[in-house]
Amino acid sequence: MSIDAAPPGADPLARVRADCAAVAAGARHVRIVDDALGEYAAALPIAEGARPAFDADHHYRGREPDTVLAVLCLDAINFGSGWFPRLTKRPGMSGYFTVASSLKDWFGAGTPDAAELAALTPDRVAEIVGQSDNADMAELMSFFARALNELGTELTANWAGDGRALVAAAGRSAARLVGLLAAMPMFRDVATWRGPDGRERPVHLWKRAQLTAVDLSLALDGVPGRDGAPSDLGRFDDLDRLTIFADNLVPHVLRTDGLLAYDDELAAAIDAGADIPAGSAPEVELRACAVHAVELLAAELNRGPGRRVSAADLDYLLWNRGQEPAYRSRPRHRTRTTRY
């Protein structure tokens, strides 16, 4: 089964789809089980709702400028799953929710400004995230500091230190926001993959840059803007064009559910808890094939009547499915990367 892939060109979202379709067509380590797509799509609980809601327990929400900056900071460091097995976690929380809750507390104690972000040290970030006594997290804290430094420098140099100016420049387009965020190297989620013809090609995935648009839309819902009316900085006219936010959980869910199949060597490595090297062909294929598989699922679901389902809707459904014990009890791929 296939769908038409938009050619690389004008906007980042079309590029993601085209690149991931090309990888799925030539992948050697990961395969989409085409015969399972129809039955799997029909069994998805779409009617129960797949729209995300703001999670106030773990995420910061305050005044408009503070909320925008908090979202930008969180998505700047929304990676590290390859280190998370050794992260010192808050009771009952995953690695992601530990980091998100730590940022919520940091902003709750007083919003940092762009200059402070630009000057953060790894030791200070470790203190914020509760890892000061965890030597295993030194490398990750260094990456977190670099990402926040880049954000602070970008805001200071180009947006008068105000995250709202950056978001407003996107003009209510998530695709344009992705392009703006990609000015920062740590947001630049582009891999290199060698196809069956031996030629290398870039593979754009933009996980965290895409997710930032969704997080802004959720966090700013109902927050007053400059004039007291509800903020419009979280309004994006093209959220339905986002792809999934390619990480290591959705591929795991699709594998567990029988929609993705791995070659024997890759399957054995993941099951043994071995690190899958960042940028390796198997790692790129894991993410890209998951993106394309969900595009195929969305196309299948949208053939009939009813509300349209986007890939981002399915990402939310599948990500939450991955929190269930049946999925948590089985190893998923681990990669030490700043992409996710």
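General observations
- Every residue from the stretch 138-184 that is assigned to a helix (DSSP H, G or I) and among the aromatic types (Phe, Trp, Tyr): Phe143, Phe144
- Some residue of the stretch 67-86 being part of a loop (DSSP other than H, G, I, E, B), among the aromatic types (Phe, Trp, Tyr), touching a Leu at 6+ places or on another chain (Cβ under 8 Å) and over 14 Å from Val129 (Cα atoms): no
- Summed over the stretch 99-137, residues that are outside any helix (DSSP H, G or I) and either of a type in the set (Lys, Arg) or more than 20 Å from Arg61 (Cβ to Cβ) (or both) total 7.
- In the stretch 30-43, the residues that are surrounded by fewer than 19 Cβ atoms within 10 Å (Cβ to Cβ) and either aliphatic (A, V, I, L, M) or part of a helix (DSSP H, G or I) (or both): Val33, Asp34, Asp35, Ala36, Leu37, Gly38, Glu39, Tyr40, Ala42, Ala43
- Failed condition for Ala278, given (1) in a loop (DSSP other than H, G, I, E, B); (2) buried (at least 19 other Cβ atoms within 10 Å of the Cβ); (3) modelled with pLDDT of 95 or more; (4) among the aliphatic types (A, V, I, L, M): (2)
- Matching option when the condition is over 21 Å from the mean Cα position of the chain (by Cα) and on the phi < 0 side of the Ramachandran plot, among Gly163, Gly195, Gly152: Gly195
- Residue within the stretch 194-215 that is in a helix (DSSP H, G or I), within 18 Å of Ala24 (Cα to Cα) and of a type outside the set (Val, Ile, Thr) present: yes
- Lone unmet requirement of (1) in a helix (DSSP H, G or I); (2) out of contact with any Ser or Thr (no Cβ under 6 Å at 6 or more places or on another chain); (3) buried (at least 21 other Cβ atoms within 10 Å of the Cβ) for Val291: (2)
- Per the listing Val178, Val125, Val203, Val167, the residue uniquely hydrophobic (A, V, I, L, M, F, W, C), in contact with a Lys or Arg (Cβ under 9 Å, 6 or more places away or on another chain) and surrounded by 14 or more Cβ atoms within 10 Å (Cβ to Cβ) is Val203.
- Flag if Ala299 is part of a helix (DSSP H, G or I), out of contact with any helix residue (DSSP H, G or I) (no Cβ under 7 Å at 6 or more places or on another chain) and either touching a residue at least 12 places away in the same chain (Cβ under 8 Å) or crowded, with 23+ Cβ neighbours inside 10 Å (or both): yes
- Condition met for Ala56 (under 30 Å from Gly222 (Cα atoms), without any contact (Cβ under 8 Å) to a residue 24 or more places away in the chain and assigned to a loop (DSSP other than H, G, I, E, B)): yes
- Residues that are out of contact with any helix residue (DSSP H, G or I) (no Cβ under 7 Å at 6 or more places or on another chain) and among the hydrophobic types (A, V, I, L, M, F, W, C) were ranked within the stretch 263-275; the one that is surrounded by the most Cβ atoms within 10 Å (Cβ to Cβ) is Ile270.
The values are calculated or read from the model by the stated rules, or taken from the named source; none is laboratory data. This structure is a prediction, so every number in the text was calculated from the model and none was measured. All Cβ positions, even for glycine, are placed from backbone atoms using ideal geometry, and neighbour counts span all protein chains on display.
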